[in-house]
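The values are calculated or read from the model by the stated rules, or taken from the named source; none is laboratory data. Here the structure is a predicted model, which means the values were calculated and not measured. Note that each Cβ is placed from the backbone with ideal geometry, even for glycine, and that neighbours are counted across all protein chains shown.
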Amino acid sequence: MTAQRDGDAGGGAAVELQGVTVGFVSRRVLTGVTLRVPRGGRLGIIGPAAGGKSVLLKVIAGLLRPDAGAVRVLGHDLAAAREREVAAVRRRVGMLFQNYALFDFLSVGDNVAFPLVHGGAPPEGIEARVAARLRGVGLAGSERKLPSELSGGMKKRVGIARATVARPELALYDEPTAGLDPVTTSKIYDLLRADQAETGGTCVVVSSDVAAVAGFADTIAMLHDGRVRWVGPAAALFDADDPLVRSFARGEEREGAAVLARAVAIEPPGAGVWS
Amino acid sequence: MALVPRRSLTSLGARTLDLVDAVTDLVRVAAGTVSGAVFTYWRGTRPKGEIARQMHAIGNRSLLFVMVTLGFVGMVMVYQTCLLTTQVVDGRGQVGAQFARLLVLDVGPSLTAMMLATRVGAGIAAEIGSMKVTEQIDALRMSAVTPVDYLIVPRFFACVLMTVVLSIFGMAASWAAGGLTGYYSFQINPRTFFDLSMVAPAHVVLGMTKAVAYGAAIPIVAGWCGLRARGSSEGVGAATTAAVIGSSFAVIVLDFIISAIGLIFWGAGL
């Protein structure tokens, strides 16, 4: 799955962000974000709530266009591309949304089959692939159920099945374990790991569960106040030089909160580049 | 002190940009809907039977509502007209023919569309708005599916067709109710009341053109409002309100425009 496709410019990066800035009417959400994720890499994005993590994921997915900066995904410049070209790139990207975003008017089976049906997969193989994918996430035989009949954890797993059924080259997961118990969290990360090992694709995970994402990703980026505050190997996260990053990662509530409050006044370091 | 005008200016600028953005979105949704209906609908990427489902939701479920409303409007209009026409000279013999002309030309399609703007417009905006705030629209886009094509185009087809059909049913209900009112309250002979001599083919063409235009405008405006929903349930509520207001306003504006075009083509004899 890491093979080059038409239109891909060489290089080993699945995602390259250069000075990405995104703002809405009332405020700026991302400022000068620069990141690079190599093909086959696993990037975890952490940071305080409302720090721009989900927006960053949507920029990578081509769902939001930046106000400034370059977004290169699977060799295509999404910031400058026409919507049709962006849509073609999205077919090669799978995404799990924070609130599952399952189509409530479709059954579980139809939800999982959706990217295949609309991605031009041969109709005869779709049913088997959906059944296999649901089996893979531990929901065998749930094809006919409606999303409203599922628990939060089950919906999350259906979302993962839908995001990965087309074997995407790039998988984006927005809070894959939010609100789940530790056992289910562990199972979900095992599932993501197994999927990635099978497809050889690239993963970007946004999560508030710092310990879990640090155990999954090989590199962590911390976003704070819309800027990349720290990028480095997951193993170095808990001993990072930056006190804000260290206390946030360790969950040192009082110290972390004080540092976060102070950080507004601190000039953040230059945007990190992960290469 | 200098901050006050600067903040006002910033706010004004933001509102202006938001307005430009909204109008651009409306044009995009309208163009996308029409081009989707004409060029790409038949590629078959939507669930089977979607148009039939939408026709049932828009048409069958609005039938009673439209017929009862137009029936009452017919009764009130005929009663008031008969009261007026009997005050000076007895003109009751003309009421039925003139009422039929007015129904076909304007009141039937316009009132039906106003009813649909409230019921159907609100429904479309709430449905699409809910999908927007729960990221289902983004999930559609992740599968390279165009939300306008997938969600609005089937409703567009269904609404155009069912607005025409419901207008006909509504006119029939209004005419019948008006005839009964004329007969029981003012002793107008049904043979005199149910007179179509004043209805010309031009009136039918213009009335049906209005019905088609209203049927096209309602899902476009409501879909646009739904796609612009922000936040959570509050945003969906705001989108629903905006859809009802926007669709009703579109019906009134289209009524004016099409009537003006009719007058240009057919003159004062219309």
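Determine which member of the set A:Ala132, A:Ala113 is part of a helix (DSSP H, G or I) and within 14 Å of chain B (Cβ to nearest Cβ). Show your work before the answer.
Details: A:Ala132 fails: within 14 Å of chain B (Cβ to nearest Cβ).
Going through A:Ala132, A:Ala113 in turn, just one is part of a helix (DSSP H, G or I) and within 14 Å of chain B (Cβ to nearest Cβ): A:Ala113.
Restricting the range A:93-105 to residues that are surrounded by fewer than 21 Cβ atoms within 10 Å (Cβ to Cβ) and touching a residue at least 40 places away in the same chain (Cβ under 8 Å), which is nearest to A:Gly179 (Cα to Cα)?
Residues of the range A:93-105 surrounded by fewer than 21 Cβ atoms within 10 Å (Cβ to Cβ): A:98-99, A:103-105.
If we keep only those that are touching a residue at least 40 places away in the same chain (Cβ under 8 Å) as well, we get A:98, A:103-104.
Working: A:Gln98: 11, A:Phe103: 20, A:Asp104: 20 Å.
Among those that are surrounded by fewer than 21 Cβ atoms within 10 Å (Cβ to Cβ) and touching a residue at least 40 places away in the same chain (Cβ under 8 Å), it is A:Gln98.
Return yes when A:Ala88 is in a loop (DSSP other than H, G, I, E, B), hydrophobic (A, V, I, L, M, F, W, C) and either surrounded by 15 or more Cβ atoms within 10 Å (Cβ to Cβ) or at pLDDT below 90 (or both) and no when it is not. Working first, answer last.
Values: in a loop (DSSP other than H, G, I, E, B): no; hydrophobic (A, V, I, L, M, F, W, C): yes; either surrounded by 15 or more Cβ atoms within 10 Å (Cβ to Cβ) or at pLDDT below 90 (or both): yes.
Against the criterion (in a loop (DSSP other than H, G, I, E, B), hydrophobic (A, V, I, L, M, F, W, C) and either surrounded by 15 or more Cβ atoms within 10 Å (Cβ to Cβ) or at pLDDT below 90 (or both)), A:Ala88 does not qualify.
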Within the range A:111-120, how many residues are modelled with pLDDT of 95 or more and surrounded by fewer than 18 Cβ atoms within 10 Å (Cβ to Cβ)? 0
Say we look at the range A:135-152 and pick out the residues that are out of contact with any strand residue (DSSP E or B) (no Cβ under 8 Å at 6 or more places or on another chain) and crowded, with 18+ Cβ neighbours inside 10 Å; which of these is nearest to the other protein chains (Cβ to nearest Cβ)? A:Leu150
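Could you say which residue among A:Ala61, A:Ala68, A:Ala81 is buried (at least 18 other Cβ atoms within 10 Å of the Cβ) and farther than 26 Å from A:Val158 by Cβ? Before the answer, list the steps.
Values: A:Ala61 fails: farther than 26 Å from A:Val158 by Cβ; A:Ala68 fails: buried (at least 18 other Cβ atoms within 10 Å of the Cβ).
Of the residues listed, the single one that is buried (at least 18 other Cβ atoms within 10 Å of the Cβ) and farther than 26 Å from A:Val158 by Cβ is A:Ala81.
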Selected residue [touching a helix residue (DSSP H, G or I) at 6+ places or on another chain (Cβ under 9 Å), touching a residue at least 60 places away in the same chain (Cβ under 8 Å), more than 14 Å from B:Val251 (Cα to Cα) and not charged (D, E, K, R)] from B:Gln98, B:Gln136: B:Gln98
A:Ile45 vs (1) more than 27 Å from B:Asp18 (Cα to Cα); (2) surrounded by fewer than 23 Cβ atoms within 10 Å (Cβ to Cβ): all pass except (2)
State whether one or more residues within the range B:84-97 are farther than 30 Å from A:Lys156 by Cα, at pLDDT below 95, crowded, with 23+ Cβ neighbours inside 10 Å and of a type in the set (A, V, I, L, M). yes
Of the conditions (1) touching a strand residue (DSSP E or B) at 6+ places or on another chain (Cβ under 6 Å); (2) within 13 Å of chain B (Cβ to nearest Cβ), A:Gly44 satisfies every one except a single condition; which number is it? (2)
Select from the range A:85-110 the residues that are within 18 Å of B:Ile137 (Cβ to Cβ), more than 7 Å from chain B (Cβ to nearest Cβ) and charged (D, E, K, R) and list them in ascending order. A:Asp104, A:Asp110
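For A:Glu175, are the conditions met, namely being touching a Leu at 6+ places or on another chain (Cβ under 7 Å) and either among the polar types (S, T, N, Q) or at pLDDT below 95 (or both)? Even if it seems obvious, please write down each step before you answer.
Details: touching a Leu at 6+ places or on another chain (Cβ under 7 Å): no; either among the polar types (S, T, N, Q) or at pLDDT below 95 (or both): yes.
Answer is no for this residue.
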If I filter the range B:128-156 down to residues being of a type in the set (S, T, N, Q) and in a helix (DSSP H, G or I), which single residue comes out as farthest from the other protein chains (Cβ to nearest Cβ)? B:Ser130
Based on this model, can you work out whether A:Ala49 counts as farther than 25 Å from A:Arg250 by Cβ and of a type in the set (A, V, I, L, M)? no
Filtered residues of the range B:116-147 (kept if of a type in the set (A, V, I, L, M, F, W, C), crowded, with 24+ Cβ neighbours inside 10 Å and closer than 19 Å to B:Gly223 by Cβ): B:Leu116, B:Ala117, B:Val120, B:Ile124, B:Ala125, B:Ile128, B:Met131, B:Ala139
Residues in the range B:223-237 that are at pLDDT 95 or above and more than 13 Å from B:Glu127 (Cα to Cα) total 0
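Let me confirm something: among B:Val244, B:Val204, which residue is in contact (Cβ under 8 Å) with a residue 40 or more places away in the chain and closer than 22 Å to B:Gln54 by Cα?
Numbers: B:Val204 fails: closer than 22 Å to B:Gln54 by Cα.
It is B:Val244.
Assess whether B:Ala113 counts as being among the aliphatic types (A, V, I, L, M), under 19 Å from B:Val236 (Cβ atoms) and either more than 11 Å from chain A (Cβ to nearest Cβ) or crowded, with 21+ Cβ neighbours inside 10 Å (or both).
Working: among the aliphatic types (A, V, I, L, M): yes; under 19 Å from B:Val236 (Cβ atoms): no; either more than 11 Å from chain A (Cβ to nearest Cβ) or crowded, with 21+ Cβ neighbours inside 10 Å (or both): yes.
Here the answer is no, as B:Ala113 does not meet what is asked.
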